[in-house]
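The structure appears right after this line, and notes come after that.
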Amino acid sequence: MPSFEVRTRTGGPTALEESAARKVAASLTGELLRPGDGTYDETRRVWNGLIDHRPALIARCAGTADVARTVAFGRERDLLVSVRGGGHNIAGKAVCRGGLMIDLSRMRSVAVDPSGRTARVEGGATLGEFDRAAQRSGLATTSGVVTHTGVAGLTLGGGGGRLARTYGLACDNLLSAEIVTADAQVVRTDATENSDLFWGMRGAGANFGVVTSFEFQLHPVGPRVLGGVVVHPLERARAALRFYDEYARSAPDELSADAIFLTSPDGDRVLALSVCYAGPMEQGERALEPLRRFGPPLLDQIGPVAYTELQSAADAFFPIGLRYYWKSHFLEEIADDAIEATVSHFAEVPSPRSLIVFQQYGGAVSRVPRAATAFRHRNAQYDNFAASIWSDPGEWDAHRNWVRQWWGMVSPFSLGAEYVNNLGEEGEDRVRAAYGDNYERLVTLKNTYDPTNFFHLNANIRPSS
Ligand code: FAD
C-alpha cells in the first residue's frame, strides 16, 4: 500500500497510507496540502525568516468542522501537530517538522455587533483585520502593536497593547470562545460554561485546543486618538529613560507610553517614546505636556491620528521574513543600573534594525487579581525586550550574542519571569516562571483536557497524569 513518512507526537517517524490522507482531504471543505502542492511553501512560511520547517501535511481549515476533523485524524494516528494562528511565535511553533500543521489562515472573519459592543473573531484573523473592522463602528479592544500579528496567539498568551492600561489585556476582554479540544470535541467556554477552561485560556490557551473563534468586549475608541513619538538622542537617553520611567508609572490609565531604542533612517541611535492617549483630546494634551517638554526632544511627532494608523505605525520595524531573535523579561521599574547597561549596550548594536523596547503595562492590567486568569504577572509595569533583526544568514552569532549579553546584564533587575508570548525554546523552567503560582492549577487543567499533551508546540504545560 503506497505510504509516506510522517512524524508522530513524540517525534519519531511513522508511515501514513496515501489512501488515509486522501480520505481526510476529501472530508475537508478546505484543503490538505503536501510538499510540492502549489500553495504549500507559502502556507508553511511564518513571520520569523529563521524558521524553515516542512510539515508532511498542512490542513488549511475552512471552518470549525474542518478543525475538528483534522484534530480527530491527528489523534487517531498520534501525529505531531502544530496550530497556526497568525504565525508570529518567535520560535515558529505554528509550523512543525514533518507532522500535521493545522492552519487557520483561511478562517479570518470578524463580525462586529455595534449595539452590543462585541465582536466575534475567527482563529486565523490578524490584529489589523480586527482593528479595522471594529473601527468602522468607532470601537476597539486591546490588541498588540504590529498589525500582522495573530489575534489568536496574542490573546491566548495575554495580549498587551496601547489600550491595555485603559481596558486590560486582550484576554481580559475575552467574553467567550469556541475551542476544539484534544478529543476533537467542539466546546464553548465563558465565565460560567466550562469556566475552568476559560480561566486557563486567558494566558495559557494554546495548551488546551484549537480556538476557532473568540468573542471580545469592545469599547468606544477614536476614530482619532492623540499619539505619536518624541525622539531623544542616545547621548541624552539615560536622563530621558529615567524621566520616562517616573512619568509612565504615574500616568493616567488612558495613556500608554512605550520606550524604544532604535536607529533612525539617518543612522543615528535614538530613544523614541511612543504614546497613545485613548481619551478626550484636551485631557491628553495636558497629560502629555511634561513628556513633550522634557529635553527638549530632537523631534516631536505627537498629534491627533487615526487609531488604525497609529496601530500600523510600527509594522515597518518587523517585516515578515527577516531573521529575528529576542529575549525579554517583566520589570516593575527601570533600575539605574539597567538604564546604564541598556544605553551602553545599544551603543554597540550590530544591526541598524535591532531594537530594545519597554512596552508599558500597569493600569487596568494590574487591577485584575493575579489568580483571576492564567496570565500571572499583573504587577509588571513593562515588558522589556531586546530584539535582534537582520537578514544575512551568516550573522546569527553576532546578533544572538548581542541580545544574550544585554539580557544577562539587565535580567537581575527584572521580576525573574517573562511574558509567555515572548518565549521560544527557553524550556520548562521559564514556562513555570511565566505562570508562577498559577502553574499547578494549569497542570490540573492540562490533565483534564489534554492528558497526552497532544497540543505541545506552545509554551508547554506538561500534564502530570
Ligand atoms: P502563532 O505562531 O500562529 O501561534 C502562537 C502560539 O499559539 C503557537 O503555540 C500556536 O500553536 C498557538 N495558536 C495559534 N493560534 C491558535 C488557535 N487558534 N488556537 C489555539 N492555539 C493557537 N504580544 C503582545 O502581547 N503585544 C504586542 O504588542 C505584541 N507585538 C508583537 C509584534 C510582533 C512583530 C511579534 C512577532 C509578536 C508580538 N507579540 C506581541 C507577541 C505575540 O503575542 C506572540 O508572538 C503570539 O504568539 C502571536 O500569535 P500568532 O497567532 O501570530 O502566532
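The values are calculated or read from the model by the stated rules, or taken from the named source; none is laboratory data. Just so it is clear, the model here is predicted, and its values are computed rather than measured. When we count neighbours, we look across all protein chains shown, and the Cβ atoms used for this are built from the backbone with ideal geometry, even at glycine.
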> Does residue 197 satisfy the criteria of being away from the ligand (no atom under 14 Å from the Cβ) and not polar (S, T, N, Q)?
Replying inline: no
>> Please return the ranges of strands (runs of 3 or more DSSP E) entirely within the range 4-107 where 1 or more residues are touching a residue at least 24 places away in the same chain (Cβ under 8 Å), small (Gly, Ala, Ser) and not assigned by TED's automatic domain parsing to the domain that holds residue 187.
In response: 57-60, 81-84
> Is it the case that residue 25 is out of contact with any helix residue (DSSP H, G or I) (no Cβ under 9 Å at 6 or more places or on another chain), within 25 Å of residue 143 (Cα to Cα), modelled with pLDDT of 95 or more and away from the ligand (no atom under 13 Å from the Cβ)?
Replying inline: no
> In this structure, is residue 138 more than 9 Å from the ligand (Cβ to nearest atom) and either on the phi > 0 side of the Ramachandran plot or free of Cβ contacts under 8 Å to residues at least 12 places away in the same chain (or both)?
Replying inline: yes
> Can you name the condition, by its number, that residue 148 falls short on among (1) surrounded by fewer than 24 Cβ atoms within 10 Å (Cβ to Cβ); (2) more than 9 Å from the ligand (Cβ to nearest atom)?
Replying inline: (2)
> Is there a residue being more than 21 Å from the chain's Cα centre (by Cα) and either away from the ligand (no atom under 16 Å from the Cβ) or farther than 30 Å from residue 350 by Cβ (or both) anywhere in the range 415-422?
Replying inline: no
> Of all residues in the range 86-128 being within 20 Å of residue 75 (Cβ to Cβ) and basic (Lys, Arg), which is farthest from the ligand (Cβ to nearest atom)?
Replying inline: 97
>> Looking at the range 341-364 only, could you name the residues that are of a type outside the set (S, T, N, Q) and under 16 Å from residue 377 (Cα atoms)?
In response: 358, 361, 362, 363, 364
>> When you check residue 310 against the structure, is it surrounded by 15 or more Cβ atoms within 10 Å (Cβ to Cβ), at pLDDT 95 or above and touching a Phe, Trp or Tyr at 6+ places or on another chain (Cβ under 9 Å), yes or no?
In response: no
> For the range 314-367, how many residues are free of Cβ contacts under 8 Å to residues at least 12 places away in the same chain and assigned to a loop (DSSP other than H, G, I, E, B)?
Replying inline: 1
> Of the residues 431, 403, which is in contact with a Lys or Arg (Cβ under 7 Å, 6 or more places away or on another chain), part of a helix (DSSP H, G or I) and within 15 Å of the ligand (Cβ to nearest atom)?
Replying inline: 403
>> Condition first: within 12 Å of the ligand (Cβ to nearest atom) and among the charged types (D, E, K, R). Now tell me which residues in the range 287-326 satisfy that.
In response: 315
